């Protein structure tokens, strides 16, 4: 992937000369005796901004494999224009390889800066541990930052998919929630007494039944007819009524 983009100009601050500048972790832009250095924070910020733009992401964490202590030039300059002249981003391995130009007056040097990255996204989780069967409200939700590549295919990323649902089992706080962890609110509980309705254009039959399993509105559950002891499948209509399928009476 080829990309040419001027990122920013760096203004170099004047610092105190010292002998072993090349061994330092540079945390700010400084001129030492015959040496100009650009901080690792500035390099990481430049790469992160470029990756966020390229990947259309709100946040990127990176780890440099080259120039992890910053960039040093054996020349005294009070500013540098920094330009990405070529970029190679591998989304499968989450690695990047940039060619970055540093220019100041008649000085120009192109460096290979590479490393790895992780796309960070914010997803809803539970603020505290809540037990099985609890209906989730907006107050129960707290967002956490996670690495996108670690999410499962059914990880819930929209809080609207949680509010009003109940947990199928207890869930720890501040952990990703998967679709299989939640269900619609159960309005019929196992052993509840409910009415069974069988209806066609020409006939309507009602009977008393006992729910053999819990279910939300629209779920198909097993219900035992208390008169015949026959077990039928019926769709939950509300908390007291289930409609059975044709041919089961």
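Read the figures in this text as sums done on the coordinates, not as results from a lab. Just so we're clear, the structure is a prediction, and the values are computed from it rather than from any experiment. Every residue, glycine as well, gets a Cβ built from its backbone with ideal geometry; the counts of neighbours run over all protein chains shown.
Would you please classify the overall shape of region 187-244 from the alpha carbon gyration tensor, given that a ≥ b ≥ c denote the square roots of the eigenvalues, rounded means a/c under 1.5, and beyond that prolate means a/b larger than b/c while oblate covers the rest? Walk me through the intermediate numbers first.
Values: a/c = 1.99, a/b = 1.29, b/c = 1.55.
Oblate is the answer for region 187-244, as a/c is 1.5 or above yet b/c matches or exceeds a/b.
Enumerate the residues in region 165-183 having an amide nitrogen under 11 Å from the point lying 7 Å beyond the Cα of residue 134 toward its Cβ. Zone members listed by number: 167, 170-174.
Subtract the Cα-Cα distance of residue 85 and residue 195 from 0.36 nm times their separation in residues, and report this length gain in nm to one decimal.
Details: separation 110, 0.36 × 110 = 39.60 nm, distance 7.24 nm.
That works out to 32.4 nm of additional length.
Annotation for residue 95 and residue 174: the two label points, set 7 Å from Cα along the Cα-Cβ direction, are 3.3 nm apart.
Sort 150-158, 169-177 by packing, meaning the average of other beta carbons within 10 Å per residue, with the highest value first. Could the numbers behind the result be given before it?
On the way: 150-158: 12.2, 169-177: 14.4.
Result, highest mean Cβ count within 10 Å first: 169-177, 150-158.
Put a dot 7 Å past the Cα of residue 163, heading toward its Cβ, do the same for residue 118, and the two dots end up 3.0 nm apart. Legend: ranking of residues 44, 54 from fewest to most surrounding C-beta atoms inside 10 Å; resulting order 54, 44. Report the label-to-label distance for residue 58 and residue 142 in nanometres (one decimal), using points 7 Å from each Cα along the Cα→Cβ vector. Between residue 58 and residue 142, the simple spin-label model gives 1.8 nm.
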